[in-house]
Amino acid sequence: MKDYGAASASVETVPVAGSGDVVSARQMVRVLAQRSGLSLVHQTKLVTAASELGRNMLIYGGGGVVSAASVADGGRSGVFVEFRDEGPGIADIELALTDGWTSGNGMGLGLSGAKRLVDEFDIVSGADGTTVRILKWGR
């Protein structure tokens, strides 16, 4: 996935250290989705994915930073969101993306559910943390 955040002139960020920060990140994503002209359905899908990923970042990665930007490419517009933490990483990404698998007490739909809700999804994880990038295009 292209790093649209690096290519964007205007990136907004929210440090996430508590559940209130996840709410702030979700609100930032919603505003960008509205400004980018995403339909209400696409806004809801993107905000839901952002909420799940932000919550996962807080619980499993100890917090981090959410960065987001409105983007345009090839005549279409959308919203790019990056979730970056410095936690212990995900040992088996393929397993973590399997519906129903959880390392905690959840339903095991966070990563896989978020992936289904967006148009582009990328995850990189190691001992120095995890970065998830998502993008939702307007239709």
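Rule-based calculations on the coordinates, nothing more; no lab input. Bear in mind the structure is a predicted one, so any value in this text is a computation, not a measurement. All Cβ positions, even for glycine, are placed from backbone atoms using ideal geometry, and neighbour counts span all protein chains on display.
Going by how many other beta carbons lie within 10 Å of each one, how would you line up Val47, Val124, Val65, fewest first? Before the final figure, lay out the partial values.
Numbers: Val47 23, Val124 13, Val65 18.
Least crowded to most crowded, the residues run Val124, Val65, Val47.
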Computed over region 10-137, the Cα gyration tensor eigenvalues, each multiplied by 5 and square-rooted, give semi-axes in Å (largest first) of 23, 15, 13
Around Phe80 (Cβ within 9 Å, Cβ-to-Cβ, excluding Phe80; K/R +1, D/E -1) the net charge comes to 0
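Rounded to two decimals, what is Rg over Rh for region 22-69 when you use alpha-carbon atoms and the Kirkwood radius?
Numbers: Rg = 10.8 Å, Rh = 10.8 Å.
Using Cα coordinates only, the ratio equals 1.00.
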In degrees, nearest 10, the alpha-carbon axis of helix 19-35 is tilted away from the dominant principal axis of the alpha carbons of the chain by 30
Per-residue Cβ contact counts at 10 Å, fewest first, order Phe83, Phe121 as Phe121, Phe83
Magnitude of the Cβ-charge dipole (Lys and Arg +1, Asp and Glu -1) of the chain about the Cα centre, nearest 20 debye, reported as 640
Sorting Gln27, Ala69, Leu40 by the position of each Cα along the dipole of region 10-137 (Lys, Arg +1; Asp, Glu -1; all at Cβ), the one nearest the positive end of that ordering is Leu40
